[in-house]
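Encoded as structure tokens, the structure appears first; notes follow it.
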Amino acid sequence: MTESVWTQPITKVEPDKVAVRGYRIDELMGQTPFSHVVFLVLKGNLPTEAEGRVMDAILVSSIDHGGTPPSALAARTVASGGAPLTTAIAAGVMTVNRYHGGAIEGCMRVLHEAVHRQREQGCDALTAARSLVAEFRERRERIPGFGHRIHTHDPRAAKLFAIAAEEGIAGAHVDMGYAIQQVMTDILGKTLPMNVDGAIAALLCEMAFPPEMGNGIFAIARTVGLTAHVFDEIVNQRPMRRISPTAQAYDGPEERELPG
């Protein structure tokens, strides 16, 4: 009996040849930035110049956020127990969920629903946002992608939106994000701005990524930071230590200017 063949559309491997989404990897190497290849593998096509710049900014924005997030604490804790580097990194990635990184997926779903409602009802963004925010408040649910435990104005979100505006990527979903922010500010009497997760969510929506990919894109970026944290834990910290989520300090280079 002949075994049925299952297929996948991502990578083709033949003797002396590897191609992703139809492009040979050895030809992409040295010519196409990593962020653009990430876009290619996930979406199936190379990004435009504008999409590539926005994708690059998204990945850089999420590369690390210090030693206090759950992913860094989990990764360092597992490494402190003697686990190898990749195991500890995996532990960190496993914490990417609803409340850590997962706000990207959640916010994408909210923005999709709000924009759909706006178009279906033929109303403006603020009207659709008021309706949606009212429903969340009635259910006593928090809208993901807004507010931050440390930043009152997330500089990463501001930069992402600035780049998106420069590249002509900002559209209905970005507008809706600002509308939701305005409605919540009016209700609360104080600004509750979009954080980096909300900004990433809006821009991924603009570039037609499905919400189900949101957490994965965050994990791709954060794995770099986790690798650095785990390496530091293995090389510079004592084993089996108590890792405080608050009693820690930075001892790296002082703030410096980019070359040129």
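A short reminder: the numbers here are calculations on the coordinates, not readings from a lab. Because the structure is predicted, anything quoted here is derived from the model rather than measured. Neighbour counts run over all protein chains shown; Cβ positions are idealised from the backbone, glycine included.
Look at the dipole of the chain built from charges on Cβ: of Val230, Ala199, His112, the Cα furthest out on the positive end belongs to Val230. Taking 0.36 nm per residue of sequence separation and removing the Cα-Cα distance, the Thr68/Arg137 pair yields an extension gain of 21.9 nm.
For the chain, what's the relative contact order in percent, using C-alpha pairs closer than 8 Å and at least 6 residues apart?
Once normalised by length, the contact order is 26 percent.
The listed peptides 80-90, 105-115, ordered by packing as a protection proxy, come out as 105-115, 80-90 (highest mean of other Cβ atoms within 10 Å first).
Relative contact order of segment 103-210, taken over Cα pairs closer than 8 Å and 6 or more residues apart, is 41 percent. Residue by residue, segment 19-36 carries 3J(HN,Hα) couplings of 10, 10, 6, x, 9, 5, 4, 5, 7, 6, 4, x, 10, 10, x, 3, 4, 5 Hz when phi is fed to the Karplus relation 6.51 cos²θ - 1.76 cosθ + 1.60 (θ = phi - 60°); x denotes Gly or Pro.
The alpha-carbon of Lys43 sits under 23 angstrom from the alpha-carbons of these lysines, leaving out residues fewer than 8 places away in its chain: Lys12, Lys17.
Applying the Karplus relation 6.51 cos²θ - 1.76 cosθ + 1.60 with θ = phi - 60° to segment 192-206 yields 3J(HN,Hα) values of 10, x, 4, 8, 5, 5, x, 5, 4, 4, 4, 6, 5, 4, 4 Hz, where x marks Gly and Pro.
Let a ≥ b ≥ c be the square roots of the eigenvalues of the Cα gyration tensor of segment 135-246; is it rounded (a/c under 1.5), or, if not, prolate (a/b larger than b/c) or oblate? Here segment 135-246 falls in the prolate category. Kindly identify the chain as rounded, prolate or oblate by the Cα gyration tensor criterion: order the square roots of the eigenvalues as a ≥ b ≥ c, call it rounded if a/c is under 1.5, otherwise compare a/b with b/c, prolate if a/b is larger, else oblate. It comes out oblate by the Cα gyration axes. With the cut-off at under 16 Å, measuring from each backbone N in segment 21-44 to a point 7 Å along the Cα-to-Cβ line of Lys12 picks out 21-28, 41, 44. Seen from Gly177, the other residues with C-beta closer than 12 Å to its C-beta sum to a net charge of -3, counting Lys and Arg as +1 and Asp and Glu as -1.
For the pair segment 16-45 and segment 105-175, the centres of their Cα atoms are 32 angstrom apart. For Arg117 and Glu166, a Förster radius of 41 Å and the Cβ-Cβ distance give a FRET efficiency of 0.90, rounded to the nearest 0.05. Mind giving me the FRET efficiency for Glu27 and Ala247? R0 is 51 Å, r the Cβ-Cβ distance, nearest 0.05 is fine. The formula returns an efficiency of 0.55 here. Using only the Cα atoms of segment 1-66, build the gyration tensor, take square roots of its eigenvalues as a ≥ b ≥ c, and label the shape rounded, prolate or oblate: rounded if a/c is under 1.5, else prolate if a/b is larger than b/c, else oblate. In terms of gyration-tensor shape, prolate. Rounded to the nearest whole Hz, the Karplus-based 3J(HN,Hα) values (6.51 cos²θ - 1.76 cosθ + 1.60, θ = phi - 60°) of segment 223-231 follow the sequence 4, 5, x, 4, 4, 5, 5, 5, 4, with x at glycine and proline.
Quick check: pseudo-label points 7 Å beyond the Cα along Cα→Cβ at Asn97 and Leu85, how many nm apart are they? Once both label points are built, they end up 2.7 nm from each other. Who wins for biggest fluctuation among Glu206, Glu49, Glu138 in a Gaussian network model of the chain, springs between alpha carbons below 10 Å? Evaluated over the chain, the most mobile residue of the options is Glu138. The local environment of Ala129, defined by Cβ-Cβ distances under 13 Å, has a net charge of -2 under the rule Lys, Arg +1 and Asp, Glu -1. The relative contact order of segment 150-243, computed from alpha carbon pairs under 8 Å that lie at least 6 residues apart in sequence, is 30 percent.
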